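Each value in this text was obtained by applying a stated rule to the coordinates, not by laboratory testing. Keep in mind that what you see is a predicted model, and the values were worked out from it rather than measured. Virtual Cβ from ideal backbone geometry, glycine too; neighbours counted across all protein chains shown.
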Amino acid sequence: MSFIRLAAAAGFAALLTLALIVTRSEAQPNTLKQIAPGVWFREGDIQNQGHCNNTIIEMKDYLIVVDANFPSGARAALADAKKVSSKPVKYVFDTHHHGDHAYGNAVWTQMGAITIAYSGVADEMKRYEPARWRDTAKSRPDVAEMKRDAPEPPQETFKDSPHVITDGTRRVEFRFYGWAHTRGDGFVYLPKEKILCTGDAVANGPYNFTADGNIGNWPKVIDSALKLDVDRVLPGHGAPGSRDVLTGQRAFFVELHKAVAAAVKSGKKLTDLVKKEQDKQVTSIQLPEGVKTWVGGSLAAQVTDTYNEITQKKPAGDLPH
Ligand SMILES: [Zn+2]
């Protein structure tokens, strides 16, 4: 191989490597991005700190923060909110009850904010807590340091969707469309800005946790969200995106359900679909290229939850776990 061809090949390889790095580093943890005037998206560091994303919405006299995050994530989000606005945080909306979205509630209320959620979030906390809090406190110092026995439930809840907050400058709608990721999944919609914050009902990447979910109903929840006029999707995990994040996440759950249902129909057992290899669960189920953004290390767990949901004819979240 001539030097020039070698150099060209090496250059191409370098380009390829760069392309891979760029794809992987699409994630920008701990950064604050302006999405629209007065609306910022903070990408949480899920990899190292288990944090969720936050959205900060500026109203005339105060801020609304989407998701309480873990306690350490709450402090990080608050510090970033202070960089962009001197207004106080008045409302913190819990999109659902999971620790990375709601365990920081007491951090926010201690500084005078009001935590608010769809009523299903408080119900889910009653169902799963304080067991999960106590378990999490063993491995997370920020939770242990709160010196609580249980998470603080949202102070205000609503049942009628949409629950609207407006002060003449901006309209914010808290919405509920049914059971996808949890029984309490809340969305935050800004109709004028065409922005939708989805919590974990819609993730942008391989972040779907299905054990508390209703996998068969998940696409229907996204169908309802798709009826909204949406340009920007701000997910609970992963980078912000366009309306394509909704359709992609929907397709992932349709394909997952379809593939597992076909395997069940052909007489496959769960042990045929999911196996343990060197301490890791692996699955023989393969999903189409088009949904690969959502396929990652949790696929075997997602297949297990889907298999159990289909064969036991109950939402995954209703099965013992
Ligand atoms: Zn979650």
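I'd like the full set of residues that are surrounded by fewer than 17 Cβ atoms within 10 Å (Cβ to Cβ) and of a type outside the set (Ser, Thr, Tyr), limited to segment 107-118.
The answer is Gln110, Met111, Gly112, Ile114.
For every residue, the table says whether it meets (1) surrounded by fewer than 22 Cβ atoms within 10 Å (Cβ to Cβ); (2) aliphatic (A, V, I, L, M); (3) within 16 Å of the ligand (Cβ to nearest atom).
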| position | (1), (2), (3) |
| --- | --- |
| Gly120 | yes, no, yes |
| Pro130 | yes, no, no |
| Lys138 | yes, no, no |
| Asp149 | yes, no, no |
| Val164 | yes, yes, no |
| Arg171 | yes, no, no |
| Ile195 | no, yes, no |
| Asp200 | no, no, yes |
| Ala203 | no, yes, yes |
Inset, instruction - Could you check Gln155 against (1) out of contact with any Phe, Trp or Tyr (no Cβ under 9 Å at 6 or more places or on another chain); (2) without any contact (Cβ under 8 Å) to a residue 40 or more places away in the chain and say which number it fails? - result: (2)
Inset, instruction - With the condition kept exactly as written, say whether any residue in segment 65-79 is in contact with a strand residue (DSSP E or B) (Cβ under 9 Å, 6 or more places away or on another chain), surrounded by 24 or more Cβ atoms within 10 Å (Cβ to Cβ) and among the β-branched types (Val, Ile, Thr). - result: yes
Inset, instruction - Check Phe176, Phe158 and return the single one that is within 16 Å of the ligand (Cβ to nearest atom) and in contact with a strand residue (DSSP E or B) (Cβ under 7 Å, 6 or more places away or on another chain). - result: Phe176
Inset, instruction - Consider only pairs whose beta carbons are under 9 Å apart and that are at least six residues apart or on different chains; among these, list those whose first residue lies in segment 78-105 and is without any contact (Cβ under 8 Å) to a residue 60 or more places away in the chain and in a loop (DSSP other than H, G, I, E, B) and whose second residue is within 16 Å of the ligand (Cβ to nearest atom) and among the aromatic types (Phe, Trp, Tyr). - result: Tyr103/Phe70; Tyr103/Trp133; Gly104/Phe70
Legend entry - Residues satisfying the stated conditions in segment 179-193, i.e. within 16 Å of the ligand (Cβ to nearest atom) and among the acidic types (Asp, Glu): Asp185
Legend entry - Residue count, segment 265-284 (criterion: in contact with a strand residue (DSSP E or B) (Cβ under 8 Å, 6 or more places away or on another chain) and touching a residue at least 24 places away in the same chain (Cβ under 8 Å)): 2
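Limited to segment 93-127, what total is found for residues that are within 12 Å of Ala74 (Cβ to Cβ) and more than 16 Å from the chain's Cα centre (by Cα)? Can you show your working first?
As a first pass, look at segment 93-127 and keep what is within 12 Å of Ala74 (Cβ to Cβ): 94, 99-111, 113, 115.
From what is left, the residues that are more than 16 Å from the chain's Cα centre (by Cα) are 105-111, 113, 115.
Of the residues in segment 93-127, 9 are within 12 Å of Ala74 (Cβ to Cβ) and more than 16 Å from the chain's Cα centre (by Cα).
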Legend entry - Residue pairs meeting the criteria (Cβ under 8 Å; at least 6 apart or on separate chains; first among the polar types (S, T, N, Q), in segment 171-188; second in a loop (DSSP other than H, G, I, E, B) and crowded, with 23+ Cβ neighbours inside 10 Å): Thr182/His96; Thr182/His97; Thr182/His98; Thr182/Asp200; Thr182/Asp212; Thr182/Gly213
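Assess whether Gly112 counts as being within 16 Å of the ligand (Cβ to nearest atom) and under 22 Å from Glu58 (Cβ atoms). Lay out the reasoning, then the answer.
Working: within 16 Å of the ligand (Cβ to nearest atom): no; under 22 Å from Glu58 (Cβ atoms): yes.
In short, no.
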